[in-house]
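Okay, structure first, notes after.
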Amino acid sequence: MLFGDKETDFIQSFQDIDDSEVFFPFESDVAIDIYQKIHSKEKWSKWIDSSGKSDPPPDFYSNDYKLMMDVMRVNDHEHKGKKGKLYNPSMSHEKQMLRELEEAGVLKQFPNAKVYLNGDTQLPTYEDHNYDLYLKCFCRVIKKHIESIPLYKKNHPGCKVLFFVFDESSAYFESACSIDLQEKCVENHIYSGIPHLFFEDEAFLEAFIDKGIDFLLWFAPYKRFENLDPPIELPKLCVFDLSIDSFRKKRYDENRMVSVER
């Protein structure tokens, strides 16, 4: 089965990270407690999986903890195709690769394996994934789930609302070069700019602050700045206690945002 086919895949992946890889933009005892109730496999046993197609939303809830959580996936590849429908070329290629493995009989040899694939679209970097696609996808996915909060509360009255965001985008930086000069900079192997601290990006924060969400867990395991000296390590998970609105915020210039994956 392809990784990501089930919401539990993201939770299990998150449970494998170390506490040192977690960041609290505003540290609170409640936020730490929420994190532990999901990260600890022992405490996770008190959650009910309600992510099946016929199950009432959200995806998980715990009567013991009075919490409910919906899981969502965001990326920086998704865009509208020729007919106006959303299309993710990377995911389409991954599914094609999976079919080829099935037809070759490879998957039969490992019936219980979780398959991780990285679909190379062969597109130029900026067409394949970019900051604009990333921001639009994030806002669209968050908004869609926010619209369902009244239903969540109806199904589980008295429970706090948690959003778990699995972010499979690459790391970005705000380049010193404008868009029209970036290709020239890349050709000359000149990379100058500042890292994109996604958890401080005001354009993203505006999508979920003051929107009826109590806590948001932002799991972004693929944001790596491996070629910097010294290297920069971004947190893999950020936990937002949204009863607080005193987070650090920064506006980035969308016209200078570049993926580190060239």
If we scan the range 31-47, do we find a residue that is in contact with a strand residue (DSSP E or B) (Cβ under 8 Å, 6 or more places away or on another chain) and part of a loop (DSSP other than H, G, I, E, B)? yes
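For the range 50-72, which residues satisfy the criterion of being outside any strand (DSSP E or B) and closer than 18 Å to ASP241 by Cα? Please lay out each step first, then the result.
Of the residues in the range 50-72, the ones outside any strand (DSSP E or B) are 50-59, 63-66.
Passing the criteria: TYR65, LYS66.
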Out of the range 237-262, which residues are more than 15 Å from PRO195 (Cβ to Cβ), in contact (Cβ under 8 Å) with a residue 60 or more places away in the chain and open to solvent by less than 50 Å² (accessible area, probe 1.4 Å)? LEU237, VAL239, PHE240, ASP241, ILE244, PHE247
When only residues in the range 20-49 that are of a type in the set (Val, Ile, Thr) and open to solvent by 30 Å² or more (accessible area, probe 1.4 Å) count, which is nearest to ILE244 (Cα to Cα)? VAL30
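If the requirement is being open to solvent by 40 Å² or more (accessible area, probe 1.4 Å) and at pLDDT 60 or above, which of these qualifies: LYS108, LYS83, LYS53?
Working: LYS108 fails: at pLDDT 60 or above; LYS83 fails: at pLDDT 60 or above.
None of the others qualify; the one that does is LYS53.
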Can you report the number of residues in the range 134-193 which are at pLDDT 95 or above, open to solvent by 30 Å² or more (accessible area, probe 1.4 Å) and outside any helix (DSSP H, G or I)? 5
For the range 207-262, enumerate the residues that are outside any loop (DSSP other than H, G, I, E, B) and among the acidic types (Asp, Glu). GLU233, ASP241, GLU254
Filter the range 56-75 down to residues that are exposed (fewer than 13 other Cβ atoms within 10 Å of the Cβ) and charged (D, E, K, R) and give me whichever is nearest to VAL239 (Cα to Cα). LYS66
In the range 216-236, residue farthest from the chain's Cα centre (by Cα) [restricted to those that are among the aromatic types (Phe, Trp, Tyr) and open to solvent by 10 Å² or more (accessible area, probe 1.4 Å)]: PHE225
Give the number of residues within the range 7-54 that are touching a residue at least 40 places away in the same chain (Cβ under 8 Å), touching a helix residue (DSSP H, G or I) at 6+ places or on another chain (Cβ under 9 Å) and of a type in the set (D, E, K, R). 1
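The values are calculated or read from the model by the stated rules, or taken from the named source; none is laboratory data. Every value quoted in this text rests on a predicted model; they were computed, and no experiment measured them. Using ideal geometry, Cβ is built from the backbone for each residue, glycine included, and neighbour counts are taken over all protein chains shown. Protein only, heavy atoms only, side chains kept; ligands, DNA and RNA dropped before computing areas. Shrake-Rupley method; radii C 1.70, N 1.55, O 1.52, S 1.80 Å.
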